[in-house]
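As structure tokens, the structure follows; a few thoughts come after it.
The values are calculated or read from the model by the stated rules, or taken from the named source; none is laboratory data. These figures come from a predicted structure and were not determined experimentally. Don't worry about glycine lacking a Cβ; one is built from the backbone with ideal geometry, like all the others, and counts go over all protein chains shown. In case anyone asks, the SASA skips ligands and DNA or RNA and just uses the protein heavy atoms, side chains included. Shrake-Rupley method; radii C 1.70, N 1.55, O 1.52, S 1.80 Å.
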Amino acid sequence: MAEKINFSHRSVLLDECIESLNIKPDGIYVDGTAGGGGHSLEIVKRLTDGGRLVAIDRDDAAIAAATERLSDYLDRVTFVRNNFSSAADVCRELGIERIDGILLDLGVSSYQLDTAERGFSHNNDAPLDMRMDRRGELDAYTVVNTYTFEELKRVIWEYGEERFAPKIASAIVKRRETKPIESTGELVDVIKSAIPAAAREGGHHPAKRTFQAIRIEVNGELDAIAPAIRNAKDIMAEGGRIVIITFHSLEDRIVKQTYADMASGCTCPKNLPICVCGKRPEVKVLTKKPILPSERELEGNPRSRSAKLRVCEKL
């Protein structure tokens, strides 16, 4: 008998997401980051026999957990192991020409953080991995032990917004001259040694930003966001919604800017008497400011603290 996967994950901004999707009972929806199936379950509950949900995740454990959680609704759900950036292609391969909404939760799941051997957390000593899709070739060990000083500095600075990026990159390169850095615990020690003692007091864990940066690099997280949004818009029916939860400023900035670009109209110089570019708004942004977790949600799920929800609607 296969081992049951305890994919523990609290769905962030659950009610807000479902309301934002404006679900039609006979509509077609995509959960591009199915995780443990929390959002997917609430979507599929609202669908009739004519409705359909495509649940996508690149983590095999997530697909297994979501399949089990949605076992009462398998007649209206299709599970696909893939990256959310391929959601539009997945739909086309399934013969779906138009969808009525897509949800993307860009956070790391509680299961991934709490399962030590996945190597996502700086709180557990584990092999350096951090792959959301364990079929991927690039892992954290490769980044930490083969990237040059300049490459490490860039990753840690750009993706972690870590002010001590040069010191941390230098410390990593120096430590691995003796032997490879093989575990998350070893990496945490190196990071701590590179950050001044005064800067390590209070606030977040000193390794948090660097771990975030390496995880983003391993999984190509930021590169996938804008193309995924634009591709989803291309197969979205009029009035369909794109609903996205982000967890740090880099993701949120990309989502906000991509929405704004798609919502903008004519880009001709203002001194031209008529429009020659022909550009028209493709979406309407429904969230001028992001939706944030309620105090009640924050009390029950502290990991939701940095979550932001942005929504746009296809014109």
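Summing Lys, Arg as +1 and Asp, Glu as -1, what charge do residues with Cβ under 11 Å from the Cβ of GLU282 carry, GLU282 excluded?
Result for the local shell: +2.
Just to confirm a number: summing +1 for Lys and Arg and -1 for Asp and Glu over residues other than LEU315 whose beta-carbon lies under 9 angstrom from that of LEU315, what do you get?
So the surrounding residues net to 0.
Working from Cα positions, state the angle (0 to 90°, nearest 10) between the long axis of helix 249-263 and the longest principal axis of the chain.
Once rounded, one gets 20 degrees.
Which net charge results for the neighbourhood of LEU74, defined as the other residues with beta-carbon distances under 15 angstrom from its beta-carbon, given Lys and Arg at +1 and Asp and Glu at -1?
Net charge around LEU74: -1.
Given the whole protein assembly as supplied and a 1.4 Å probe, what does the accessible area of ILE229 come to in Å², nearest 10?
0
Placing +1 at every Lys and Arg Cβ and -1 at every Asp and Glu Cβ, with all other atoms neutral, what dipole size does the chain have around its Cα centre, in debye to the nearest 20?
Here the size comes out at about 1040 debye.
For semi-axes √(5λ) of the Cα gyration tensor in Å, pick the label among (1) 35, 26, 18; (2) 42, 21, 19; (3) 60, 17, 16 that corresponds to the value derived from the coordinates.
Read-out taken from this structure: (1).
What residue among LEU53, MET262, THR148 has its Cα farthest toward the positive end of the dipole of the chain, where the charges are +1 on Lys, Arg and -1 on Asp, Glu, each on the Cβ?
Most positive-ward Cα: MET262.
Accessible area, 1.4 Å probe, largest first: how do CYS312, CYS268, CYS275 sort?
CYS275, CYS268, CYS312
What is the distance, in nm, between label points placed 7 Å from the Cα along the Cα-to-Cβ direction at LEU286 and at THR148?
Those two pseudo-labels are separated by 4.7 nm.
Order of 33-40, 185-192, 242-249 by packing, highest average Cβ count within 10 Å first?
Taking the mean over residues of other Cβ atoms within 10 Å, the ranking is 33-40, 242-249, 185-192.
Mind checking which lysines have their Cα closer than 28 Å to the Cα of LYS208? Skip sequence neighbours fewer than 8 apart in that chain.
Correct list for LYS208: LYS153, LYS167, LYS174, LYS179, LYS192, LYS256, LYS289, LYS308.
FRET efficiency for GLU161 and ALA260, Cβ-Cβ distance as r, R0 = 35 Å, nearest 0.05?
After rounding, the FRET efficiency stands at 0.95.
Could you give the distance between the Cα centres of the stretch 155-209 and the stretch 43-113, to the whole Å?
36
Give the ranking of LYS288, LYS279, LYS208 by solvent-accessible surface, highest area first, calculated with a 1.4 Å probe.
Ranking LYS288, LYS279, LYS208 by accessible area, largest first, yields LYS288, LYS208, LYS279.
Need the full-extension length gain, ARG253 to ASP189, defined as separation in residues times 0.36 nm minus the C-alpha distance. One decimal, nm.
In short, 19.9 nm is gained.
Order 254-267, 60-73 from most to least packed using the mean count of other Cβ atoms within 10 Å.
Highest mean packing first, the order is 60-73, 254-267.
Work out the FRET efficiency for SER306 and ARG76 from their Cβ-Cβ distance, taking R0 = 35 Å, and round it to the nearest 0.05.
Rounded to the nearest 0.05, the efficiency is 0.60.
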